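Take a look at the structure set out below.
The values are calculated or read from the model by the stated rules, or taken from the named source; none is laboratory data. All values reported here derive from a predicted model rather than from experimental measurement. Note that each Cβ is placed from the backbone with ideal geometry, even for glycine, and that neighbours are counted across all protein chains shown. Accessible surface is based on the protein model in full, side chains and every heavy atom, while ligands, DNA and RNA are left aside. Shrake-Rupley method; radii C 1.70, N 1.55, O 1.52, S 1.80 Å.
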Amino acid sequence: MSPAKKTPKKPDLLWKRENAWPTLKKTEKRAVEEYCRNYIGFLSAAKTERKAYAISVAEAEKRGFVSLEKIQAEGRCLEPGMKIYRGCREKTLLLAVVGEEPLEAGLHIVGGHIDSPRLDAKPYPLYEDAELALLDTHYYGGIKKYQWVAMPLALHGVVVKQNGDKVEISIGEDPSDPVFVITDLLPHLGKEQAKKTLSEGITGEGLNVLFGSLPSTDKDAKEKVKANVLSLLHDTYGIVEEDFASAELELVPAGPARELGLDRSMILGYGHDDRVCAYGGLQALFDLKETPRHTAIVLLCDKEEIGSVGATGMDSTFFENSIAEMIALEEGGFSGLTLRRCLESSRMLSADVNMLHDPLYADVSSPNNTAKMNGGVVLAKYTGSRGKSGSSEASAEFMADLRRVFNEAKVVWQTGELGKVDGGGGGTIAMFLARYGMDVVDCGVGLLSMHAPWEVASKLDTYMAYKAYKAFLADRR
Ligand code: MN
Ligand code: MN
């Protein structure tokens, strides 16, 4: 008998896209749990962009990160392995681990945002009506207004007095704290309300927060309940009503993030968008084992939810200025051409959340292209809407290289698309970096109930985003 001829084995022809839990080894499952435990702690504490900023700076300093201003003041130069950060108005943060190559060779950037949809107190918020004290708000970011009534709210933020003194306010997170609420109509009398559309039933101007009901004992006070609230605010924080004009007070869902599901496989929390990716980028940078070849940058920015505008948004020159300051600390000093070359040679993961297929709302999904829960971190080659309009689409070459990075590091990943064609769309900070000519792609955690007061993320996907960011920042090609 002659030996059978061996035909070369074909590679896996099918791309398996399935729930990845069964593929995880025991040690990795433990890593997922530990990572998510820490993330739940972060998310529960970082209820505003200022808090996310403060926690991130404190954690960075613990790990040896030094402010760029300090390095400048000491007259030091950038050296490979150096850990630095630069902040902008306590709301936007850039962190870096200096690489072996000069900055001109380009950066590896992971950029997320730390602002989330919420209700902001207006500059003249406090009023009394029907002997109740109420707080007038203006919503921030894309919310469905009806979701914000009849649920406990916490108040966080700063009040800056005329002399510059800053008072921090945080009420409603400790179980012993009071909370606040926007009342809804009783169903018995809600017949007319029920006829309205979801977007008209509760209006933006109607989002007024119940703040107090106890009248002041001051006989001369006209509006006694408001007077009593002002008196309490003065006793506790030393503020007067005019101080509201120079305040940033945010009303957010009260209480911590929680494990979700009988099997505890998911996380329910306020502000996954986009603190889930911001935290992943931050931890990835902290956990880099070696000095990277290319300088690794993590951006935690503000104002993404209202279009990245303003001094602390990604559309400002903060990022560019920061890189210019870094180049100035390199051998040879600052040159505009070096800055241009650095930016153009860079590559970036725009670390923002994506949507997951939701069987309750299946008709908005693209049958095969919407990301699925537990399918891993989501790579979105393009966002935009109606003919990819407004998208900074990533190139096939960049996508191919990311496949290499993720597959070599055993990152569970999938592709995603924000809904079916012509169904809607959205944008991220990707386009503000793409204009420098760098490679950019959206890469983040898929969510259910995005922009709702409580959003849903899977633990596996949450962990895989971190793993993806780490592999990308450490990649030596
Ligand atoms: Mn986002
Ligand atoms: Mn968003």
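Those helices (runs of 4 or more DSSP H) of segment 328-447 in which 3 or more residues are within 16 Å of ligand 1 (Cβ to nearest atom), under 25 Å from residue 469 (Cβ atoms) and of a type outside the set (Val, Ile, Thr) occupy 430-434. Among the residues making up segment 1-27, those that are touching a residue at least 40 places away in the same chain (Cβ under 8 Å) and open to solvent by less than 100 Å² (accessible area, probe 1.4 Å) are 17, 19, 20, 21, 23, 24. Just one of (1) more than 30 Å from residue 424 (Cα to Cα); (2) in contact (Cβ under 8 Å) with a residue 40 or more places away in the chain fails for residue 334. It is (2). In segment 287-308, of all residues being away from ligand 2 (no atom under 16 Å from the Cβ) and out of contact with any Leu (no Cβ under 9 Å at 6 or more places or on another chain), the one that is most open to solvent (accessible area, probe 1.4 Å) corresponds to 289.
On the basis of being at pLDDT 95 or above and either in the same structural domain as residue 313 (by TED's automatic domain parsing) or open to solvent by 60 Å² or more (accessible area, probe 1.4 Å) (or both), does residue 422 make the cut?
No, not satisfied.
Being out of contact with any helix residue (DSSP H, G or I) (no Cβ under 6 Å at 6 or more places or on another chain), of a type in the set (Ser, Thr, Tyr), in the same structural domain as residue 88 (by TED's automatic domain parsing) and over 30 Å from residue 134 (Cα atoms) holds for only one residue in 317, 338, and it is 317.
Tally up the residues in segment 114-138 that are within 16 Å of ligand 1 (Cβ to nearest atom) and either open to solvent by 30 Å² or more (accessible area, probe 1.4 Å) or not acidic (Asp, Glu) (or both), please. Don't jump to the end; show me each part of the working.
Step one: of segment 114-138, the residues within 16 Å of ligand 1 (Cβ to nearest atom) are 114-118.
Okay, now just the ones that are also either open to solvent by 30 Å² or more (accessible area, probe 1.4 Å) or not acidic (Asp, Glu) (or both), so 114, 116-118.
So the answer is 4.
Among the residues of segment 103-111, is any away from ligand 2 (no atom under 16 Å from the Cβ), out of contact with any strand residue (DSSP E or B) (no Cβ under 8 Å at 6 or more places or on another chain), under 30 Å from residue 323 (Cα atoms) and not aliphatic (A, V, I, L, M)? For segment 103-111, residues away from ligand 2 (no atom under 16 Å from the Cβ), out of contact with any strand residue (DSSP E or B) (no Cβ under 8 Å at 6 or more places or on another chain), under 30 Å from residue 323 (Cα atoms) and not aliphatic (A, V, I, L, M): present. Being away from ligand 2 (no atom under 14 Å from the Cβ), under 15 Å from the mean Cα position of the chain (by Cα) and farther than 30 Å from residue 343 by Cα is the filter here, so list the residues in segment 449-469 that pass it. Residues satisfying the conditions are 454, 456. A Cβ distance below 6 Å, combined with a sequence gap of six or more or placement on separate chains, defines the contacts here; from segment 224-252, residues that are touching a residue at least 24 places away in the same chain (Cβ under 8 Å) reach residues that are surrounded by fewer than 18 Cβ atoms within 10 Å (Cβ to Cβ) and part of a helix (DSSP H, G or I) in the pairs 230/241.
Hey, among 371, 394, which residue is surrounded by 16 or more Cβ atoms within 10 Å (Cβ to Cβ), at pLDDT 90 or above and touching a Gly at 6+ places or on another chain (Cβ under 9 Å)? Quick ask: steps written out before the conclusion?
On the way: 394 fails: touching a Gly at 6+ places or on another chain (Cβ under 9 Å).
Exactly one of 371, 394 is surrounded by 16 or more Cβ atoms within 10 Å (Cβ to Cβ), at pLDDT 90 or above and touching a Gly at 6+ places or on another chain (Cβ under 9 Å), namely 371.
Here is the figure for segment 309-332: residues that are within 15 Å of ligand 2 (Cβ to nearest atom) and crowded, with 22+ Cβ neighbours inside 10 Å total 2. May I ask you to verify whether residue 450 is within 16 Å of ligand 1 (Cβ to nearest atom), touching a residue at least 12 places away in the same chain (Cβ under 8 Å), surrounded by fewer than 22 Cβ atoms within 10 Å (Cβ to Cβ) and not in a strand (DSSP E or B)? So residue 450 passes the test.
Being among the small types (Gly, Ala, Ser), closer than 30 Å to residue 272 by Cα and in contact (Cβ under 8 Å) with a residue 12 or more places away in the chain is the filter here, so list the residues in segment 337-367 that pass it. Within segment 337-367, 346, 350, 351, 365, 366 qualify.
Go through segment 87-133 and tell me which strands (runs of 3 or more DSSP E), entirely inside it, have 1 or more residues that are free of Cβ contacts under 8 Å to residues at least 40 places away in the same chain. Before you say what the answer is, go through the steps one by one.
Values: elements: 92-97, 107-113, 118-129.
Result: 118-129.
Restricting the search to segment 146-164, which residues are open to solvent by 30 Å² or more (accessible area, probe 1.4 Å) and within 16 Å of ligand 2 (Cβ to nearest atom)?
Once the filter is applied, which keeps residues that are open to solvent by 30 Å² or more (accessible area, probe 1.4 Å) and within 16 Å of ligand 2 (Cβ to nearest atom), segment 146-164 yields only 147.
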